[in-house]
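Where a number appears in this text, it was derived from the coordinates with a stated rule and is not lab data. It should be emphasised that the depicted structure is a prediction, and the values quoted were computed from it without experimental measurement. All Cβ positions, glycine included, derive from the backbone under ideal geometry; neighbour counts span all protein chains shown.
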Amino acid sequence: MLTIRVLMTIAATIAVGMAPLAAAQKMLNSYTTLSIAAAQQAAQAALARCQKDGFTIAVAVVDRGGQPLVMLRDPLAGAHTPQTAINKAATAVSFRTDTTELAATTQAGKAASGIRQLPNVIAVGGGIVIRAKGSVVGGIGVSGAPGGDSDDVCAKAGIAAINDAMELE
């Protein structure tokens, strides 16, 4: 017959053995990010909008970690535009704010002006965060239109193309 002491030892052993399982479950995250199909659709729509407006641009879509999923470049776009588009999209995701807003808040003399000195940060319009159901799921960056405002228009067209399917905010 088992004594209380033996039963307590068995119970303690089982509890200790299950602890790693409980801890492992709490240490894993699930998250939503853009699919390649959504990224391609957004990039193609942004490129089409800029081409319609007569602009030769590059557009990039990144995942929620700022890593490129898609990059499209008009054959006549400047050599600097692909990397700039990627960096605009990644900057928007990293700071969770559109780069037009970041440009305003990081101007010389402002407390956050040092952000502009960080590697690969582009504080110029054209980078927009893509959100779905309250979470950042990616970003889109456009480079090559005459000014950040025009880049923003094309980037927003890209987001609009996937808006209904993604239930974006």
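Spin-label point model (7 Å from Cα, Cβ direction): what's the L76 to S113 distance in nm?
With each label point 7 Å from Cα toward Cβ, the separation is 3.9 nm.
Using a simple charge model, +1 on the beta-carbon of Lys and Arg, -1 on the beta-carbon of Asp and Glu, nothing else, what dipole does the range 36-166 show about its Cα centre, in debye to the nearest 20?
Roughly 240 debye for the range 36-166.
Set the bar at 25 Å for Cα to Cα. Now go through K110/K133; K88/K110; K26/K133; K133/K156; K52/K156 and name every pair that lies beyond it.
Violating the 25 Å Cα-Cα cut-off are K110/K133.
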